[in-house]
Amino acid sequence: MNKRISMLFTIAAVAVIGATLFGSTYTQTQISGQSLDISKMDANVIEQIHQMGGLQLVMPEAFAVTDCGALADTGRKVVEFNVTGESVTLPIMGGKTYNAMTFSGQVPGPTLRVTQGDVVKMTLTIPADEVTGHGNDMHASQMSAGNFESVNPGESKTYCYIAESAGTFKYHCSGVHLIGMDQHVLSGMYGIAIVDPINGYKKLAVEKTAVNNGKVSLDRQFYDADALEFTLQYNQLYLTPEGNYDAGKMFGHQNTATVVNGMQFGYVPNMLHNILVKGDANKNIFVAQPWNGLEHKQYQSQLLFVENDQHVRLFVENQGNEPVFFHIVGEILDRVTQGNRVQSAATETWLLGGSQGMIVDLVFDEPGAYAAVNHDYAAIYTGAATVFVAGDPFGLNPRLVDAGVIPAPVPSYAYALGNPSDAVPPMGMNSIAHPAVNIHGLYTDEVASEMKDAGMIPLWEVIPTLPPVP
Ligand SMILES: [Cu+2]
């Protein structure tokens, strides 16, 4: 918008608001938008507009209540979301590191989970020794962008909003006065807010057919709304060989890595799975196992374990700069929801543009290993392959029982090994609890040790103590 039109728009908008507020004598003809002739306006009105400070001063109150004090006493639940903005060094595939920017020392940032209608009280704190300011733009909110302005090192900022719409929403570093917002976000400053529908999730209908008396007919299967849940967030890294952000590569859309929850190939088999399935730590059972050894601790790749015939819910967000063609090899996405509206059912692949999220509901019918991919070959080969294991496809139950790892056969390996913490969201109103959770993700050692203190399993310490499986 050029400056002149912008000014006319501002004046017209304020004149309309002014007319309403102050009972002005202007008629509809006189305030007809951009054709308004400023030379014919009353000097007092011009002065009045000047005193009001123009559009910026008037608009926020007209939108929504965002005052934390006022929202605290409305009878709504207030959920505090406290994050820090920190630059840290994190590993990338190939034994190198990169200069990451994070919310609270982890990529993605902590997942916020609330119910539609709750008040979110967000506080962003920037440590005094941080090299730059950071902001937080939460897409689950609806308020003036002025709230998302950058916070300086050594300072804190709080804002409040009502999570009015259900769904999966991105949050990311932001700020008008922040130089290189693209660098901050693409280097790791992103996360999601899950807003559960106020009346809960809907039952899942899965299309099946059956044969009765020699006739094939529809036999819809219904699953309760409660589901085992995971989060998958897609992003790209654009890096120089030294691990610094490379804006030139970003403009050229030449990413050096595709990451899911911050890591390339973060959910593929590791050495333990090799031992269990092949009897040899060094015999890989998947084409790419880059985070293989126990010495990688929280970065060692892990698998996502589900039961057969279980309602599984995935919160998927495209945090990056390239499209995501979300597909699960060997499966059909039984339901795709965006916001609180079903977009598709029984679909093979669903497209997410930048900053777009969805909820995928599905049931894995057959025991097996299923790779969720971004069905763009460049993305798959640079890291977007995530393996779900449903049921007991490797026939391990008897061996795990014999070795005393589990007392009795289990419906998924999650009971023996747990599911990776970075893919497990906080519990919501229709969540099935994971049997166990292991510490996994692009976390600093400090964050990993906090998780251990909170009771999550450090598999790199536990596995060597397990009795050997023959
Ligand atoms: Cu930032």
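The values are calculated or read from the model by the stated rules, or taken from the named source; none is laboratory data. Everything numeric in this text was worked out from a predicted model, so none of it was measured. Backbone-built Cβ (ideal geometry, glycine too); neighbour counts: all protein chains shown. The area values use the complete protein model at the heavy-atom level, side chains included, leaving out ligands, DNA and RNA. Shrake-Rupley method; radii C 1.70, N 1.55, O 1.52, S 1.80 Å.
Seen from every direction in turn and averaged, the convex hull around the alpha carbons of segment 182-277 projects onto 12.7 nm².
Sorting T349, T168 by solvent-accessible area of protein heavy atoms yields T349, T168, largest first, with a 1.4 Å probe.
Annotation: peptides 70-77, 276-283, 234-241, ranked by per-residue average of other Cβ atoms within 10 Å with the highest first, follow the order 234-241, 276-283, 70-77.
Helix 3-22 and the long axis of the chain differ in direction by around 80°, with both axes built from C-alpha atoms. At an R0 of 41 angstrom, the distance between the Cβ atoms of T349 and A247 translates into a FRET efficiency of 0.85.
Scattering from the C-alpha atoms of segment 386-470 alone, worked out with Debye: what is log10 I(q)/I(0) at q = 0.21, 0.25 1/Å? Results for segment 386-470 at q = 0.21, 0.25 Å⁻¹ read -1.12, -1.32. Each 10 Å bin, from zero up to the one with the longest distance, holds this percent of the alpha carbon pairs of segment 216-368: 10, 30, 33, 21, 5, 1, 0. The modelled label-to-label distance for the pair R399/S217, using points 7 Å beyond Cα in the direction of Cβ, is 4.6 nm. Partner aspartates and glutamates whose Cα lies under 19 Å from the Cα of K203, excluding those fewer than 8 positions away in the same chain, are identified as D219, D224, D226, E229, E307, D309, D334, D361, D365.
The orientation-averaged projection of the convex hull spanning the C-alpha atoms of segment 132-220 amounts to 9.3 square nanometres. The alpha-carbon of K249 sits under 30 angstrom from the alpha-carbons of these lysines, leaving out residues fewer than 8 places away in its chain: K96, K170. At the residue level, F265 shows approximately 20 square angstrom of accessible surface with a 1.4 angstrom probe and all protein chains present.
Give the carbon-plus-sulfur fraction of the accessible surface of the chain in %, rounded to a whole number; probe 1.4 Å, heavy atoms of protein chains only.
Numbers: 11590 of 21450 Å².
Whole-percent figure for carbon plus sulfur exposure: 54.
The 3J(HN,Hα) values that the Karplus relation (6.51, -1.76, 1.60; θ = phi - 60°) gives for segment 257-270 are, in residue order, 7, 10, 10, 10, 6, x, 10, 6, 6, x, 10, 10, x, 10 Hz. Gly and Pro appear as x. Label segment 306-411 by shape, choosing from rounded, prolate and oblate, from the square roots a ≥ b ≥ c of the eigenvalues of the Cα gyration tensor; if a/c is under 1.5 it is rounded, and otherwise prolate applies when a/b is larger than b/c, oblate when it is not. Cα axes put segment 306-411 in the prolate bin. Cysteine residues of the chain whose Cβ has no partner cysteine Cβ closer than 4.7 Å: C173.
Rounded to the nearest 5, the antiparallel percentage of DSSP beta bridges internal to the chain is 70%. Mind checking the angle between helix 43-52 and the chain's longest principal axis? C-alpha axes, 0 to 90 degrees, to the nearest 10. So the helix axis and the longest Cα principal axis differ by about 30 degrees.
Estimated purely from DSSP H runs of n ≥ 4, each contributing -39500 (n - 2.57), the mean residue ellipticity at 222 nm for the chain is -5000 deg cm²/dmol once divided by its residues.
Ligands, DNA and RNA excluded, the heavy atoms of I457 present near 50 Å² of accessible surface to a 1.4 Å solvent probe.
Once you wrap a convex hull around the alpha carbon atoms of segment 268-352, what is its projected area averaged over all directions, in nm²?
Numbers: hull surface 30.5 nm².
Value for segment 268-352: 7.6 nm².
Are there GluC sites (Glu not before Pro) in segment 292-373 that DSSP puts in a loop and that have at most 14 other Cβ atoms within 10 Å, and which ones? Provide the component values of the computation, followed by the final result.
On the way: sites: E295, E307, E317, E331, E348; in loops: E307, E331, E348.
Answer in residue order: E348.
Our coupling estimate for segment 77-82, obtained by passing each phi through the Karplus curve with A = 6.51, B = -1.76, C = 1.60 and θ = phi - 60°, is 6, 9, 10, 7, 10, 10 Hz, Gly and Pro reported as x.
Each residue of segment 453-470 was assigned a 3J(HN,Hα) from its phi angle through the Karplus expression (A = 6.51, B = -1.76, C = 1.60, θ = phi - 60°), giving 4, 7, x, 7, 8, x, 4, 5, 8, 7, 4, x, 8, 6, x, x, 8, x Hz with x at Gly and Pro. Annotation: amide H of S344 within the under-5 Å range of V336, sequence separation 5 or more or interchain, hydrogens built in the peptide plane.
For L232, the residues 5 or more places off, or on other chains, whose built amide H falls under 5 Å of its own are F315, V316, E317.
Given an 8 Å cut-off on Cα distances and at least 6 residues of separation, report the relative contact order of the chain as a percent.
On the way: 1068 pairs, mean separation 61.7, N = 470.
With pairs under 8 Å counted, the relative contact order is 13 percent.
Amide H contacts of G266 (H built 1.01 Å from N, in plane; Pro and chain starts excluded): V260 sit under 5 Å, all sequence-distant by 5 or more or on other chains. At 0.692 mPa s and 37 °C, plugging the Kirkwood radius over alpha-carbon pairs of the chain into Stokes-Einstein gives what diffusion coefficient in µm²/s? Once the numbers are plugged in, D ends up at 133 µm²/s.
Near E242: Cβ cut-off under 15 Å, other residues only, Lys/Arg at +1 and Asp/Glu at -1. The net charge is +1.
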